[in-house]
1. Counting just the residues of region A:114-131 that are acidic (D, E) and more than 9 Å from every other protein chain (Cβ to nearest Cβ), which one comes out farthest from the chain's Cα centre (by Cα)?
2. Of C:V228, C:V160, which residue is closer than 30 Å to C:A91 by Cα, of a type in the set (V, I, T) and either within 11 Å of chain A (Cβ to nearest Cβ) or crowded, with 17+ Cβ neighbours inside 10 Å (or both)?
3. Which residue out of B:A259, B:A285, B:A233 is on the phi < 0 side of the Ramachandran plot, in contact with a Ser or Thr (Cβ under 9 Å, 6 or more places away or on another chain) and not in a strand (DSSP E or B)?
4. State yes or no: is A:A323 within 11 Å of chain C (Cβ to nearest Cβ), at pLDDT 90 or above and out of contact with any strand residue (DSSP E or B) (no Cβ under 9 Å at 6 or more places or on another chain)?
5. Would you pick out the residues in region B:263-300 that are without any contact (Cβ under 8 Å) to a residue 40 or more places away in the chain and of a type in the set (V, I, T)?
6. Consider region A:28-66. How many of its residues are touching a His at 6+ places or on another chain (Cβ under 8 Å) and among the hydroxyl-bearing types (S, T, Y)?
7. Could you say whether any residue in region C:178-196 is within 13 Å of chain A (Cβ to nearest Cβ), among the hydroxyl-bearing types (S, T, Y) and touching a Lys or Arg at 6+ places or on another chain (Cβ under 6 Å)?
8. Residues to consider are C:L254, C:L243, C:L258, C:L175; find the one that is within 14 Å of chain A (Cβ to nearest Cβ), in contact (Cβ under 8 Å) with a residue 24 or more places away in the chain and farther than 30 Å from B:A115 by Cα.
Amino acid sequence: MVDERISVFVIAEQSDGGIQAVSLQLIGKAHELADELDSKVGAILLGNKLSNVAQRLIEAGATQVFLGDADILAPYQAELYTEIIVKLVDEYRPEILLIGSTFMGRELAPLIAARLETGLTAHCIELEINPEGFLEQRIPAYGGMITIICPEKRPQMATVANGVFSKPLLDSSRTGEIISVDIPEDFPLRTLTLEIVKEEVSGISLESAPVIVAGGAGSGDQDGWQQIAELATILNAGFGSTRPAVDAGWAELETMIGQSGKMVNPELYVGIGISGELQHMVGIVGAKTMIAINNDTKAPIFEQVDYGIVEDCRVFVPALVKALKEKKPYLGRTTL
Amino acid sequence: MIDFTFTEEQELFRKAAREFAETKIAPQVQNMEKTNRGWDEVVKELAEAEMFAVTIPVEYGGLGMGYVARMIATEEIARISVATAMMYQVFGLGFEPFIKFGTEEQKKKYLPKFATGEQLATVAVTEPSGGSDPKGCSTRYKKMNGSYILNGRKCFITNSHIADAQVILAVDEENPEAFTTFIVEKGMEGFKPTHEEHKVGMRGCNTGEIEMKNVSVPAENVIGGEGKGLKVAMACIGDVGRGGMVGIAMGLQQACLEAAVKFSNERILYNKPISNLQTIQNKIAEMKIDLEAGRLLGYRAAAMQDKGGRTSNEFAVAKYFTTEAVQKAAKMAVDIHGGYGCMEEFPVTRYLRDSFVVGPSAGTSDIMKVIIARWALS
Amino acid sequence: MNIIVCVKAVPDPRVADKLKIDPVTKSLPRLDIPLVINSLDSHALEAALQLKKKYETQITILCMGPPLAGNVVRECLALGADKGILLTDRAFAGADAFATAYTLAKAIEKNGPVDVVFCGMASSDGATEWVGPEIATFLGLPVVTMVREIVEDQGLDWIVNADFQGGYRKVKLKLPAVLTVTRKINQPKALSFSGIIKARSKEITEWNREKLDIPADRVGLKGSPTHVTDMTDLDSRREVEILEGSLQEKVERLVQILCDAGAV
């Protein structure tokens, strides 16, 4: 039953009647990695009402899909998911196990890693098999990039955010197997997700915004932040932030762009009061035009953008807003 | 000999004081500058943050933290708002006669209320006829049926309009060599604050004049003993008043240095930050040297004070040095800012104005030198 | 109630960006950056302090770090915790999240019975978010991550709200448990003078590897399944044009650039 050729596993996640985008992206990447290892990809999917969904994983590149489709598996229940997945992994002994850095993934991954007593790297932006056959996991840190490996323990585990890897082509001619997993009955749950409550999200979604204005530590204070917010409104732009801005309380964590936040791919990016730390910059993928406003000539961001303005943003941004308003008086007045 | 480092606990005090100043006092500064008011808000914040309890002994509701702690607190507050720090330091000055010279009844009656900020205090010595020469005071008292009748005027008094209890120095009408300090309270008939000052700096710090017209003060309000007034006044002003000014001057100096460093690192001329220019570096070095030296003088005196000694002379040196230094530093900081140094949006202009007022407070530099010379010559 | 708050002493984020990989030596230079309490851990401590207001509680701070991290523990005591444990030993250095969580879990076991373990959901340096859940697994306790609100906290059956996709999830849990918290959960209170004075009489105990009775190959670098094998410089350069001229000239030029890019 178990396909011996599988050595790369992906824990996929359902979303409102479909599959999370990151899960498909990871299957695509897993396929690449498996090819290097001369092996195949397996996917684990737990949830409910999944009958039409599992096939997509095969179309994306999975050879086997281990499916748990039951009411008790939705919403996500940490202990039950951990139990099922750990059992599967113990049986399969894969080389590599990948999980998307979704809310679920960020809790589930360490639970699994700790049970399996293996290593885990968070928010990777690159994955590669090295000549020794190890999985190289790369993350930005300290102004550069560090490479991590897990030489002895197995599986080598990594989480990856949505948007780091591209969506694979779905090939409906691909075949694979869907295998039902054993769901333990009467498993004692000490934590129980009772329900998931949706909240209204205001503002433009960062992931789809063609123009993004992002503010960082250099905004100075709440007033400076408001000025940048005004610029974002005028340009009809998504308004993102960096970790220092979130830490300072000016912005919500959901607006943070970067390695452990959101990956974005706008046409135009304007970074204000942002030094250019790699953790943030890796969150911006494929922008056509990048602009930075910062009062420090030595800021690393000035090597990563097309246009740089060395000015105090608290002086420059209001002047810019004024000029834009004069040019197009109706700017920013349209509501979305 | 000496360990020049602060203890872990003192570093924590500083952290707490800095966080307090940055989060609670900073938002009030603009308003205080604009309106020359706003003391109610900062007094409330100071009380909530237990700032008033710092030098008041534990047995009277205070924290008994001592004078080094007081200096740390004053320094951190001044870095954000000199006006607030000035009022704060003078409140502390107002407590001191009670702490050092009060009777048990007086301590029990006033100190607990001072510690919580329920009541505010100040000391009033200066008069139009002179502050530097307290003996020249013309506010006088006459003993009458066990009470004292006070007549006179005091000026340049910090917290004049908001203090609930003021320790006032007066001369015996019948004996020009006898001075007594009295506790005069808000509401006493004939006592009232009159004119409010409009200072060029320390805006939002309550400064004004008070007037006594036949104020009847009961005997239990004599503090330190009849005839001992000069001793009370000079001990408190000499140690605590000057000590407070040292804290203020150091805090303001730190603010000047930070502003100068920030601006010179950000201002680009000739494709480089101006902090690369020697003339700018020269000014910054001077500010830094003075700050290092001032800190040693100030904290040395405060540490001696905590040990229990008289420190008026050491504080005279520290007060002279730090208040002179901060006036220089403020001017240098303004110069470094170039044209921006004349614009109200830049805090350095406020620092400059504040530094003028720091100079003569609690004794002019000239008087400090007289005192220091006296010390050296004795 | 026995509460443990796991606290990490991190380089002050306001100056931490000075810590950069040296492109030549490919290692981190030693810099004197002050250590402060990881900001999310302040929220974890505040959550414990709020419980202390309602119930009979003992709050123990647990911190793994160099001896200097003791200042951070002392600060937590000044904020209201009852006692502190500092895990410090050269052997702990180089620990990844797994080894860190293992060491912390062993210390929690040694400390005695626990009802709740609070952690900040992530640290400002590292930010793996792993330590809380891994501690829970090693202790055999359930965990809920990204808690933004404690709705019910009486007795052993709690209800919490935790951040989740598109909103939040309502979770029922049975103590003892591990909770990792987000910024939304509370507003940490300020350091007070009286708190600092009260902390004088509170104890900080130091434990090393031997005291914890953990074999050397389970802590620090040796106990870490993951290793860093390479550090490289950043590599995302573009040809930049720094705009010249007066403020107004730059503003005008930028407006033009924005128009050309189609944003206006």
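The values are calculated or read from the model by the stated rules, or taken from the named source; none is laboratory data. Just so we're clear, the structure is a prediction, and the values are computed from it rather than from any experiment. Here Cβ is always computed from backbone atoms with ideal geometry, including for glycine, and neighbour counts include all displayed protein chains.
1. Taking region A:114-131 and keeping what is acidic (D, E), we get A:117, A:126, A:128.
After this cut, where a residue has to be more than 9 Å from every other protein chain (Cβ to nearest Cβ) as well, the list is A:126, A:128.
Details: A:E126: 12, A:E128: 18 Å.
Among those residues, the one meeting the criterion is A:E128.
2. Numbers: C:V160 fails: closer than 30 Å to C:A91 by Cα.
Just a single option satisfies the conditions, and that option is C:V228.
3. Details: B:A259 fails: in contact with a Ser or Thr (Cβ under 9 Å, 6 or more places away or on another chain); B:A285 fails: in contact with a Ser or Thr (Cβ under 9 Å, 6 or more places away or on another chain).
So the residue among B:A259, B:A285, B:A233 that is on the phi < 0 side of the Ramachandran plot, in contact with a Ser or Thr (Cβ under 9 Å, 6 or more places away or on another chain) and not in a strand (DSSP E or B) is B:A233.
4. Taking the combined requirement at face value, the residue satisfies it.
5. The answer is B:I268, B:T279, B:I289.
6. The qualifying residues number 0.
7. Yes.
8. Values: C:L254 fails: in contact (Cβ under 8 Å) with a residue 24 or more places away in the chain; C:L243 fails: in contact (Cβ under 8 Å) with a residue 24 or more places away in the chain; C:L258 fails: in contact (Cβ under 8 Å) with a residue 24 or more places away in the chain.
Just one listed residue meets the conditions, C:L175.
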